[in-house]
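Engineer: Quick one: the structure is below, questions incoming.
Computed from the coordinates by the stated procedures, all read-outs in this text should not be read as laboratory data. All figures in this text were calculated on a predicted structure; none of them were measured in a lab. Virtual Cβ from ideal backbone geometry, glycine too; neighbours counted across all protein chains shown.
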């Protein structure tokens, strides 16, 4: 049986955008900042630590992570599943939260250089919103993510959650 490395990609996928999340592979410590009240004009934040372990799947055309969130209200586990679609060159990101059953509707998008933006239309407290995830590769051993909501169709955005990632082993 051939030795199939999990990170090797089919040759046609190498420059297609499928490598967009390669910077996030590995083990990270995380600094979370979460707005206490979303879409309510709040400027108060909760801050707490966490960890993240991201590993490739599907020969590098996706990845899955395990998040440990040390939320002072109630620590919990969560998972992100990121899948690259070759024909559209778009990523879909699914959030699975250990506090609830089910998988959230995916945000979909792509990278432009070191920054990727991913969107969907959803509901928050029974009102329609746009959701945006932004991932940034900040160089060796550093990355960030933020989540923003828009109640006006994307004209204005409120960032309501940020994560700063610090790689535990920048050689791997």
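Engineer: So how much slack lies between residue 119 and residue 37, counting 0.36 nm per residue of separation and subtracting their Cα-Cα distance, in nm?
Structural biologist: Extra length from residue 119 to residue 37 when fully extended: 27.4 nm.
Engineer: With a ≥ b ≥ c taken as the square roots of the eigenvalues of the C-alpha gyration tensor of the chain, please select rounded if a/c is under 1.5 and otherwise prolate if a/b is larger than b/c or oblate if it is not?
Structural biologist: Here the chain falls in the prolate category.
Engineer: Once you place label points 7 Å from the Cα toward the Cβ at residue 76 and residue 48, how far apart are they in nm?
Structural biologist: 0.9
Engineer: Something else now. Once Rh for region 94-145 is found with the Kirkwood sum over Cα pairs, what is the Stokes-Einstein diffusion coefficient at 10 °C and 1.306 mPa s, in µm²/s?
Structural biologist: Details: Rh = 12.7 Å.
Here the translational diffusion coefficient equals 125 µm²/s.
Engineer: Multiply the residue gap between residue 94 and residue 16 by 0.36 nm, knock off their C-alpha separation, and tell me the result in nm, one decimal place.
Structural biologist: 26.0 nm
Engineer: Something else about it: If R0 is 35 Å, what FRET efficiency do you get for residue 27 and residue 86 from their C-beta distance, rounded to 0.05?
Structural biologist: That pair, residue 27 with residue 86, gives E of 0.80.
Engineer: Moving on. Could you give the distance between the Cα centres of region 47-82 and region 118-150, to the whole Å?
Structural biologist: 15
Engineer: Connecting C-alpha atoms closer than 10 Å in a GNM of the chain, tell me which of 143, 40, 78 has the biggest fluctuation.
Structural biologist: Maximum among the listed residues: 40.
Engineer: Something else: Taking a virtual spin label 7 Å from the Cα of residue 104 along the C-beta vector, which residues in region 53-86 bring their backbone nitrogen under 19 Å of it?
Structural biologist: The answer is 53-55, 63-84.
Engineer: Given the Cα-Cα distance of residue 58 and residue 144 and 0.36 nm per residue of separation, how much length would full extension add, in nm?
Structural biologist: 28.6 nm
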